[in-house]
1. Contour minus end-to-end for Arg187 and Leu226, with contour as 0.36 nm per residue of separation and end-to-end as the Cα-Cα distance?
2. Could you derive backbone 3J(HN,Hα) for region 72-89 from the dihedral phi with the Karplus parameters 6.51, -1.76 and 1.60 (θ = phi - 60°), listing whole Hz in sequence and x where the residue is Gly or Pro?
3. Which ³J(HN,Hα) values in Hz, rounded to whole numbers, follow from the phi angles of region 35-46 under the Karplus curve 6.51 cos²θ - 1.76 cosθ + 1.60, where θ = phi - 60° and Gly and Pro get x?
4. Give me the one-decimal nm value for the distance between modelled label points at Asn35 and Leu92, 7 Å along each residue's Cα-to-Cβ direction.
5. Which value, in debye to the nearest 20, gives the size of the charge dipole of region 51-140 about its Cα centre, when Lys and Arg are +1 and Asp and Glu are -1 at the Cβ?
6. For the pair Val126 and Glu179, how long in nm is the line joining their label points, each one 7 Å along Cα→Cβ?
Amino acid sequence: MFSRLANVFKGIFSLFIKDMERKNPEALLELEQENLRKQIANFNQGLAAHAGLAERLMSQVRKQETEERELHARTTAHLRAGNKSAAAQNALRLQSLARELEENRRQLAQAEETYQNLTKAREVAVNAARSKIEALKGAINDMRMKTAMAEMNEMAAGMVSTIGGSGDTLSRLHEMVEEERTKAAGRARMARDSMDMSEVNIKEAEMDALADQALAEFAAKEGIALPGAEASVAPEANRSMGSNPQSESQ
């Protein structure tokens with residue numbers, strides 16, 4: 001019973017963690033980068049220890065090579081001097097040293113090869129991990145950008161459907177404005193049609209006539225000839241001059 005409940009809680013907690021990871025992929029990627037740095041550091045420590053072993057083997061090989069040359073020289077000297085027993089002891093030691101030197105050289109070659117292989121494997125693994133991390137960074141950025149674009153498109157679609165709805169405030173306001181504008185236009189037309197323009201025109205003509213009369217009286221009083229008056233006086237004078245000969249002939 002309790003184990004089943006524990007499994008349920010574990011499942012819920014796992015779903016919660018998975019949801020958090022989906023919402024924060026950058027944090028998960030940063031954690032993996034930190035783990036990679038730790039793994040590289042541990043690998044480098046092991047590689048350094050192996051390199052130290054190779055260096056010790058190399059130092060031992062050099063020491064044995066020096067000892068081999070010295071033993072070879074002493075064996076030759078004792079043999080030429082007739083010291084057969086000493087020459088035999090040196091020859092035996094030289095034979096044993098040669099076997100040890102050969103084994104150490106073989107181990108040194110293997111150690112060097114292993115070191116090179118480990119170094120190459122580290123470089124390949126690190127480069128592959130870095131390439132994958134960079135690809136993941138690009139994928140995360142692309143995901144964020146596409147998510148933002150999707151949210152903007154969804155928001156725009158929601159705004160279009162909401163603004164175009166029948167119960168929208170802007171639509172109701174537009175209808176009210178159009179209704180009031182139509183009413184105002186109708187009232188203006190009714191007022192214009194009901195207005196008697198004949199009286200207005202008569203009143204306007206009277207005002208113009210009174211203004212012309214006042215101007216003519218003022219001009220006559222001041223002795224100023226009006227331009228329009230001169231043009232009208234000239235034909236009258238011509239008519240009067242043309243009628244005088246007839247009257248004289250009569």
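1. Computed gain between Arg187 and Leu226 is 9.4 nm.
2. Per-residue couplings from phi come out as 4, 5, 5, 4, 5, 5, 5, 5, 6, 7, x, 7, 5, 5, 5, 5, 5, 4 Hz.
3. So the Karplus estimates, Gly and Pro as x, are 5, 5, 4, 5, 5, 5, 5, 5, 5, 5, 5, x Hz.
4. Here the modelled spin labels are 6.1 nm apart.
5. Dipole about the Cα centre, nearest 20: 40 debye.
6. Distance between label points: 7.8 nm.
Bear in mind that the values in this text are calculations on the coordinates, not laboratory data. It should be emphasised that the depicted structure is a prediction, and the values quoted were computed from it without experimental measurement. Using ideal geometry, Cβ is built from the backbone for each residue, glycine included, and neighbour counts are taken over all protein chains shown.
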